[in-house]
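S.K.: A single structure is presented below for examination.
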Amino acid sequence: MATAKQPVTVPTAISVDDFLASNPDERRRADAGRLRAIMGELTGEPAVMWGPSIVGFGSYHYTYASGRTGDAPLVGFSPRKQHLVVYLVRDVTEILMALCVRLFGSRAAANRARRAVEAVTESSPV
């Protein structure tokens with residue numbers, strides 16, 4: 001009898017500080033530190049490692065149409081080798097707007113947030 005595969009993206013005891021400090025790219029470390037501060041401030045949640053490479057804030061429970069369920073961070077990021085990946089749930093428009101204001105300034109924030117929400121909406125199989 002086959003056993004169900006266990007999810008990898010779960011909260012861990014890995015130190016967020018140690019993980020972020022281990023990135024060899026100085027700019028990526030600085031960006032990650034700034035993003036950590038902003039996401040922590042916006043969500044009011046502490047940073048927690050989800051799996052080996054995602055820094056997450058808060059959590060939510062999901063259920064797929066297939067019946068599969070799980071938990072995931074409400075928002076998070078991963079400072080990958082080539083890109084800084086940001087994870088957001090679909091209904092966090094306010095958080096996205098505030099994040100865009102902090103990163104790009106208020107003038108560009110509305111357009112960037114709108115384009116990001118449109119891109120997610122167009123590509124999501126809901």
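S.K.: If you keep only loop residues by DSSP, which trypsin sites (Lys or Arg not before Pro) in the stretch 1-106 have at most 14 other Cβ atoms within 10 Å of their Cβ?
M.R.: When the trypsin sites (Lys or Arg not before Pro) of the stretch 1-106 are filtered for loop state and at most 14 Cβ neighbours within 10 Å, K5, R68, R80, K81, R90 remain.
S.K.: Ignoring any ligand, DNA or RNA, what whole percent of the accessible area of the stretch 49-90 comes from carbon and sulfur when the probe is 1.4 angstrom?
M.R.: Carbon and sulfur atoms account for 53 percent of the accessible area of the stretch 49-90.
S.K.: So, one more: Which of the chymotrypsin sites (Phe, Trp or Tyr not before Pro) across the stretch 30-76 are loop residues per DSSP, with 10 or fewer other Cβ within 10 Å?
M.R.: Counting only loop positions with at most 10 other Cβ atoms within 10 Å, the chymotrypsin sites (Phe, Trp or Tyr not before Pro) in the stretch 30-76 are Y64.
S.K.: Under 14 Å from the Cβ of D17, count the other residues' Cβ atoms, weight Lys and Arg +1, Asp and Glu -1, and hand me the total.
M.R.: That sum, taken over residues with Cβ under 14 Å, equals +1.
The values are calculated or read from the model by the stated rules, or taken from the named source; none is laboratory data. This one's a predicted model, so the numbers in the text were calculated from it and none came from an experiment. Neighbour counts run over all protein chains shown; Cβ positions are idealised from the backbone, glycine included. Only protein heavy atoms, including side chains, enter the accessible area calculation; ligands, DNA and RNA are left aside. Shrake-Rupley method; radii C 1.70, N 1.55, O 1.52, S 1.80 Å.
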